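Participant: Take a look at this one; I'll ask things after.
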Amino acid sequence: MTRPVVGWCLYDWANSAFPTVISTFVFATYFTKGVAPDEEYGTFLWGNATAIAAVGIAAMSPVLGAIADRTGRRKPWLAVFSLVCIVATAALWTVEPDPGFITRALTLVIVATLGFEFAIIFYNAMLAEVTTSDKLGRVSGIGWGIGFFGGLGCLTAALVVLIQADPAPFGLDPDRAEPVRATALLVAAWFLVFSLPTFLMVPESRLREHEPLGEAVRDGIARLGRTLKSMRWSQPLCRFLVARMIYNDGMITLFTFGGIYAAGTFGMDFDEIILFGIALNVTAGAGAVAFGWIDDHLGPRRAILISLVGLIVFGVAALLATDKAWFWGIGMALGTFMGPAQAASRTFMARLAPETQRAEMFGLYALSGKATNFAGPLVLGWATLAFDSQRAGMATIVVFLAVGFALLLTVREEKG
């Protein structure tokens, strides 16, 4: 791999610690089991916080992308929003196991999630600038694969160094959940240190437009308005964005609530959840790398469709599982298809996006990933509360995956 490709892929390694440890397997579970009064109400609150962040991301992402295209620079935006995520994540250390810290916890999670997702817009827009068009699929897949293994590395460190250590390291007090809370500091440090090569090894955008910020804001918003007005349902780009909007909602909700579901329905403790997360990241990383070559040879659309079929089949199986061992096996199969669906979606967008509008298009891509993202967690949370069952809440995810699959069947694979 070239130096820019290595630097670009390492950002996936760095930032994957946040969704893996904070959003899914450790802090989300700590919040529902240790901060909220009970797990069902904690799941409801976490779902609402996720939905609020999704609305903010959907509203701002296209605007930020359009502005960045006019300034002609990606890395400063990437740096600012990465730091927002890092600082807010580190502050989660202050959330103690008491319902009085609910507001602080959810506020910080929302801010960190916004920073994380806004940074991803500019990172994804850099994909087509670090490699050639015939290698987009494998580079995107390798990036996702490295990301999953980055999440694995951070989870392993959290398990060995902090949570399972006896006695607890650094004078941390287990009675105040300090070893678990310290995982937020670990994630912040991980993100900061391992993202540095991206800024050192990846060159700045080759775009010729370099407008001053004030002018870029005006022109960017105006161009975004023209782009939205020109979009028609008959265009492959438009239909792809709508399809992705729906199936990505299902995938993100599945990933976000996987640890919560494992803890509440199958009684997994923190150690088991982290081990489950480690195994899931291994299969997801391997799947993302393997499908990268399939993506380049069969096309990203087919790679996405194959992945969605796997997610639907094994998602239903996970809902029907009553034995923890069966759930483990099904979860590993699910992981194999999660990475490829995300990596191939990124490749498809990179192929469809015009060169001078990549950040804007990936802003719309982020919008498509978040415009209905409030619906997944919200529906899941309300279904869990209404039926007093996490299994009933998780069942809503399969519907999103199936509808997205059906819409993607209507999309032609061509360069926009």
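Coordinate-derived values only; no laboratory data. Since we're looking at a predicted model, the values are computed, not measured. Methodologically, a virtual Cβ is constructed for each residue, glycine included, from the backbone with ideal geometry; neighbour enumeration extends over all protein chains shown.
Participant: Suppose the chain between A189 and T107 were pulled fully straight at 0.36 nm per residue; how much longer would it get relative to their current alpha carbon spacing?
Facilitator: 27.5 nm
Participant: Expressed as a whole number of Å, what is the distance separating the alpha-carbon centroids of the range 106-173 and the range 341-410?
Facilitator: Answer, in whole Å: 19.
Participant: Another question about this same structure. Using a 10 angstrom Cβ neighbour count of at most 15 plus a DSSP loop assignment to flag exposed trypsin sites (Lys or Arg not before Pro), which longest range of the chain is free of such sites?
Facilitator: With trypsin sites (Lys or Arg not before Pro) excluded where exposed in loops, the chain gives 1-205 as its longest stretch.
Participant: Quick check: residue separation of A406 and K135 times 0.36 nm, minus the Cα distance between them. What number comes out in nm?
Facilitator: 94.8 nm
Participant: Additional query: Who wins for biggest fluctuation among P167, P37, P197 in a Gaussian network model of the chain, springs between alpha carbons below 10 Å?
Facilitator: P167
Participant: Still on this model: Would you work out if the range 1-82 is rounded, prolate or oblate? Take a ≥ b ≥ c from the square roots of the eigenvalues of the alpha-carbon gyration tensor; rounded if a/c is under 1.5, else prolate when a/b is larger than b/c, oblate otherwise.
Facilitator: The shape class here is oblate.
Participant: Take the Cβ-Cβ distance between D388 and L83 as r, set R0 to 51 Å, and report the resulting FRET efficiency rounded to the nearest 0.05.
Facilitator: For D388 and L83, the calculated efficiency is 0.80.
Participant: Any idea how far apart K75 and A59 come out in nm if each label point goes 7 Å out from Cα toward Cβ?
Facilitator: 3.2 nm
Participant: Provide the FRET efficiency to the nearest 0.05 for the D98-V6 pair, computing r from the beta carbons and using R0 = 41 Å.
Facilitator: 0.40
Participant: Got a sec to turn the phi values of the range 396-408 into Karplus ³J(HN,Hα) couplings, 6.51 cos²θ - 1.76 cosθ + 1.60 with θ = phi - 60°, whole Hz, x for Gly and Pro?
Facilitator: Whole-Hz 3J(HN,Hα) from phi for the range 396-408: 5, 5, 4, 4, 4, 5, 5, 5, x, 4, 4, 5, 5.
Participant: Take the Cα radius of gyration of the range 243-298 and divide it by 2.2 N^0.38 Å, with N its residue count; two decimals is plenty.
Facilitator: My calculation over the Cα atoms of the range 243-298 gives 1.41.
Participant: Between F199 and T322, what is the FRET efficiency for a Förster distance of 60 Å, r being their Cβ-Cβ separation, to the nearest 0.05?
Facilitator: It comes to 0.80.
Participant: Also, quick follow-up: Taking Rh as the Kirkwood radius, which is the inverse of the mean 1/r over Cα pairs, what is the Rg/Rh value for the range 228-331?
Facilitator: Here the Rg-to-Rh quotient is 1.06.
Participant: Okay, next question. Per residue of the chain, what 222 nm ellipticity follows from adding -39500 (n - 2.57) for every DSSP H run with n ≥ 4, rounded to the nearest 500?
Facilitator: -26000 deg cm²/dmol
Participant: With all distinct Cα pairs included, what does the Kirkwood hydrodynamic radius of the chain come out to in Å, to one decimal, could you say?
Facilitator: 21.2 Å
Participant: Let me ask something else about it. With a 10 Å cut-off between alpha carbons and a GNM built on the chain, which of M126, M268, M361 moves the most?
Facilitator: Of M126, M268, M361, the Gaussian network model singles out M268 as fluctuating most.
Participant: Where does each of I163, I330 land when they are ranked from fewest to most other beta-carbon atoms within 10 angstrom?
Facilitator: I330, I163
Participant: Let me ask something else. List the residues, sorted by chain then number, that are 5 or more residues from M268 or on another chain and whose placed amide H is less than 5 Å from its amide H.
Facilitator: The answer is A263.
Participant: Please tell me the relative contact order of the range 3-408 in percent, rounded to the nearest whole number, where contacts are Cα pairs under 8 Å and at least six residues apart.
Facilitator: Contact order relative to length: 32 percent.
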